[in-house]
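Engineer: Handing you this structure, nothing more for now.
Bear in mind that the values in this text are calculations on the coordinates, not laboratory data. Since the structure is predicted, the reported quantities are computational estimates derived from the model, not experimental observations. Cβ: placed from backbone, ideal geometry, glycine included. Neighbour counts: every protein chain shown.
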Amino acid sequence: MGPIVQGLVRLQRIENRLRAVKTKLARCRRSVLFQENQLRTLQSGLEAKQEEIKMTRIQMDRLELELKERDAHISKLRSHLNLARTNKEYSSLLTELNTAKADDSKLEGQVLELMKNMEVDQAECAEISKQIEEQKVKVDQIRTEMEGKSAECQKEIDVIQKEWDQAAYDVPGDALNIFNRVAETYDGEAMAAIEQTEENSSMYSCGGCFMGLPAEMVNILTVKDEILRCANCTRILYLKERGSE
């Protein structure tokens, strides 16, 4: 291989290191975001539960007001019952009184059910509040830890980026443009080694997509410093150095 292809192979190795550290940095940031999202989910759940309690309280207040009105009505019926002059009037008032008591009992049952539901919701609110406080502590711990790791990653990125810039400077502009375009397509993997399909055979394939390659490509790269690309995946082809994996 000539100096241009060798320069691209060197650039590929640096590109791999650079992307690996950038991926590590992204993981650090995602871990913080994940914990923050967990906290927001808990807070949203607490707000929703508090809104349920608020609506339950409004419903209870309405029923309790209705109960007071019904109790006042029942008291009036009892007074009228004591003043009834005929059996018919007495019977009519008694029926109305019993109906009012039955309705009153139903309302009391509804109020009691709402109270039970509210107690359950309040207990859930207390539990969620506890989880929120625990999650806040966890978020702070993760953020502090990840800030340290992120700073280390950024320092490493800065160092490797300087290596990349120097390696890129030694590569002709046209070759570098091709490298960058293919790297963006394949998540940084712009180069592909030519693989020998079988030992001591003249059959070759692209190390990126494993499609067969003509033997003449090997001959060209052996004697010329040219940019050859796989016709299938468009990666830049190169020959492995002897003894390399």
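Engineer: Residue separation times 0.36 nm, minus the C-alpha to C-alpha distance between E133 and I227: what's the value?
Structural biologist: Separation in residues times 0.36 nm, less the Cα-Cα distance, equals 27.9 nm.
Engineer: If the convex hull of the alpha-carbon atoms of the stretch 176-238 is projected onto planes in all directions, what is the mean projected area in square nanometres?
Structural biologist: Mean orientational projected area (the stretch 176-238, Cα hull): 4.1 nm².
Engineer: Give the lysines reachable from K88 as a straight Cα distance under 19 Å; neighbours fewer than 8 places away on the same chain don't count.
Structural biologist: Output for K88: K76.
Engineer: By a straight-distance test (C-alpha under 28 Å), which lysines pair with K149 as possible cross-link partners, with residues fewer than eight away in the same chain excluded?
Structural biologist: K22, K24, K136, K138, K162
Engineer: Taking amide H atoms as placed 1.01 Å from N in the peptide plane, list the residues 5 or more away in sequence, or in a different chain, whose amide H sits under 5 Å from that of R229.
Structural biologist: Amide H neighbours of R229, under 5 Å, 5+ apart: L237.
Engineer: Between the alpha-carbon centers of the stretch 166-182 and the stretch 1-70, tell me the distance in whole angstrom.
Structural biologist: Here the answer is 38 Å between Cα centres.
Engineer: List the lysines whose Cα lies under 24 Å from the Cα of K240, skipping any in the same chain that are fewer than 8 positions away.
Structural biologist: Once the sequence-local lysines are set aside, what remains near K240 is K224.
Engineer: As a test of the formula, what do you get for the chain when each DSSP H run with n ≥ 4 contributes -39,500 (n - 2.57) and the sum is divided by the residue count, at 222 nm and rounded to the nearest 500 deg cm²/dmol?
Structural biologist: -28000 deg cm²/dmol
Engineer: Got a sec? Which residues in the stretch 79-116 would a label at L63 touch, if it sits 7 Å along Cα→Cβ and we count backbone N under 18 Å?
Structural biologist: Under 18 Å, as judged by backbone N against the label point of L63, lie 100-116 of the stretch 79-116.
Engineer: Sticking with this one: For the chain, what's the relative contact order in percent, using C-alpha pairs closer than 8 Å and at least 6 residues apart?
Structural biologist: 32 percent
Engineer: For the chain, what are the per-bin percents of Cα-Cα distances with bins 10 Å wide, up to the bin holding the maximum?
Structural biologist: Distribution as computed: 6, 17, 14, 11, 10, 9, 8, 7, 6, 5, 4, 2, 0 percent.
Engineer: Same structure, new question: Can you say what percent of the DSSP beta bridges in the chain, counting only those with both residues inside, are antiparallel? Round to 5.
Structural biologist: The antiparallel proportion sits near 65 percent.
Engineer: Also: Go ahead and run the numbers for FRET between S79 and E47, Cβ-Cβ distance against an R0 of 41 Å, rounding to 0.05.
Structural biologist: 0.25
Engineer: Apply the Karplus parameterisation 6.51 cos²θ - 1.76 cosθ + 1.60, with θ equal to phi minus 60°, to every residue of the stretch 24-30 and state each ³J(HN,Hα) to the nearest whole Hz, in sequence, with x for glycine and proline.
Structural biologist: Values per residue, Gly and Pro as x: 4, 5, 5, 5, 4, 5, 5 Hz.
Engineer: When DSSP assigns beta bridges and you keep just the ones with both residues in the stretch 176-238, what percent turn out antiparallel, to the nearest 5?
Structural biologist: So the antiparallel bridges in the stretch 176-238 amount to around 65 percent.
Engineer: Applying the Karplus parametrisation 6.51 cos²θ - 1.76 cosθ + 1.60 with θ = phi - 60° to the phi angles of the stretch 47-63, what ³J(HN,Hα) value in whole Hz is obtained for each residue in order, glycine and proline being reported as x?
Structural biologist: 4, 5, 5, 5, 5, 4, 4, 4, 5, 5, 4, 4, 5, 5, 4, 5, 5
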